[in-house]
1. Please determine, by comparing only the residues of the range A:77-92 that are at the interface with chain B (Cβ under 7 Å from one of its Cβ atoms) and not aliphatic (A, V, I, L, M), which one is least open to solvent (accessible area, probe 1.4 Å).
2. Is the range A:17-28 home to any residue that is in contact with a Ser or Thr (Cβ under 6 Å, 6 or more places away or on another chain) and without any contact (Cβ under 8 Å) to a residue 60 or more places away in the chain?
3. Looking only at the range B:1-25, filter to residues that are closer than 24 Å to A:G100 by Cβ and part of a loop (DSSP other than H, G, I, E, B); which one of those is nearest to DNA strand C (Cβ to nearest atom)?
4. Select from the range A:38-49 the residues that are open to solvent by 90 Å² or more (accessible area, probe 1.4 Å) and either touching a residue at least 60 places away in the same chain (Cβ under 8 Å) or in a loop (DSSP other than H, G, I, E, B) (or both) and list them in ascending order.
5. Is at least one residue of the range B:30-47 under 24 Å from A:R95 (Cα atoms) and within 12 Å of another protein chain (Cβ to nearest Cβ)?
6. Return the pairs, sorted by first residue and then second, in which the second residue is of a type in the set (S, T, N, Q) and not in a helix (DSSP H, G or I), the first residue lies in the range A:50-76 and is more than 10 Å from chain B (Cβ to nearest Cβ) and crowded, with 21+ Cβ neighbours inside 10 Å, the beta carbons are less than 7 Å apart, and the residues are 6+ apart or on different chains.
7. Given the criteria away from DNA strand C (no atom under 16 Å from the Cβ), within 25 Å of B:M60 (Cβ to Cβ) and open to solvent by 30 Å² or more (accessible area, probe 1.4 Å), does A:R104 qualify?
2 protein chains.
Amino acid sequence: MRIGELAQRSGFSRDTIRFYEQNGLITSTVGDSETNSYRKYKDDCLVWLEFFAGAREAGMSVADLRSIVEANAESCDREAARAVVLGKIEELNERADQIGNAIRFLENTLSRLG
Amino acid sequence: MRIGELAQRSGFSRDTIRFYEQNGLITSTVGDSETNSYRKYKDDCLVWLEFFAGAREAGMSVADLRSIVEANAESCDREAARAVVLGKIEELNERADQIGNAIRFLENTLSRLG
DNA sequence: CCAAACCATGGACAGTGGTCTATTGTTTTT
DNA sequence: AAAAACAATAGACCACTGTCCATGGTTTGG
């Protein structure tokens, strides 16, 4: 598919998709047209973008996402890939703990406001 | 206490504390010395800063934190304050869901890397 | 007393994560 | 055919979240 469709289906803007591509989060190929240089994106990209949406919301940086994508791509080196992914899971668990703390703090605030 | 002590005890740098103060997250008073203009921070600030550390890690922005601080300060308008805090709790719960999704995604990745 | 450490203020700078604009060319719709 | 929509590329621009630096003054340890 072309970037417009990908944008529409993923909910990211064209600009953001290009930004992500520049940063190695997704890849595209130049189409086979003789007359234009429109890029082609596989369905794969859409799957990744859907993950990115949640992962960004969950607090992962673009650099984090790149390392995950790379871990997937270079799964020839499985141990390294596993290590990266395990590390990210660990980070997310810590973040979840922090969210729990913050929620408790706010619930306290709330009961003080009673 | 003075900013250096606050920095040391909170783990934030002096610069960050000043940045937070500029952004309304904490307040200080000018000390009573005749010869200097050193600012004084109450223990209260330390409590807030400890919360901020976790809350930032949990993905709350400085603007978010300011609105919570303000909700606390202007608790004369309790309903408004409650609404702000409830809204933040809601956001954090959504963020926690996103983290859960991301973790599941990564665990899938992991089992693919098996 | 003097150096080291501290403080205030203000502004410059940096990294992240985009967004917007300009330019130029292509495709699709009417 | 003309207008509208789409695309590529490059670079400017933005808000956010700090960090660093310069300057000038103050306090403290030895």
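The values are calculated or read from the model by the stated rules, or taken from the named source; none is laboratory data. Quick caveat: nothing in here was measured; it's all calculated off a predicted structure. Note: ideal-geometry Cβ built from the backbone for every residue, glycine included; neighbour counts use all protein chains shown. Accessible surface is based on the protein model in full, side chains and every heavy atom, while ligands, DNA and RNA are left aside. Shrake-Rupley method; radii C 1.70, N 1.55, O 1.52, S 1.80 Å.
1. A:K88
2. Looking only at the range A:17-28, we keep the residues that are in contact with a Ser or Thr (Cβ under 6 Å, 6 or more places away or on another chain), and these are none.
There is no residue in the range A:17-28 that is in contact with a Ser or Thr (Cβ under 6 Å, 6 or more places away or on another chain) and without any contact (Cβ under 8 Å) to a residue 60 or more places away in the chain.
3. B:F12
4. A:Y38, A:K42
5. Going residue by residue through the range B:30-47, those that are under 24 Å from A:R95 (Cα atoms) are B:45-47.
In the following step, the residues that additionally are within 12 Å of another protein chain (Cβ to nearest Cβ) were identified as B:47.
Scanning the range B:30-47 turns up at least one residue that is under 24 Å from A:R95 (Cα atoms) and within 12 Å of another protein chain (Cβ to nearest Cβ).
6. Nothing qualifies.
7. Working: away from DNA strand C (no atom under 16 Å from the Cβ): yes; within 25 Å of B:M60 (Cβ to Cβ): yes; open to solvent by 30 Å² or more (accessible area, probe 1.4 Å): yes.
Yes, satisfied.
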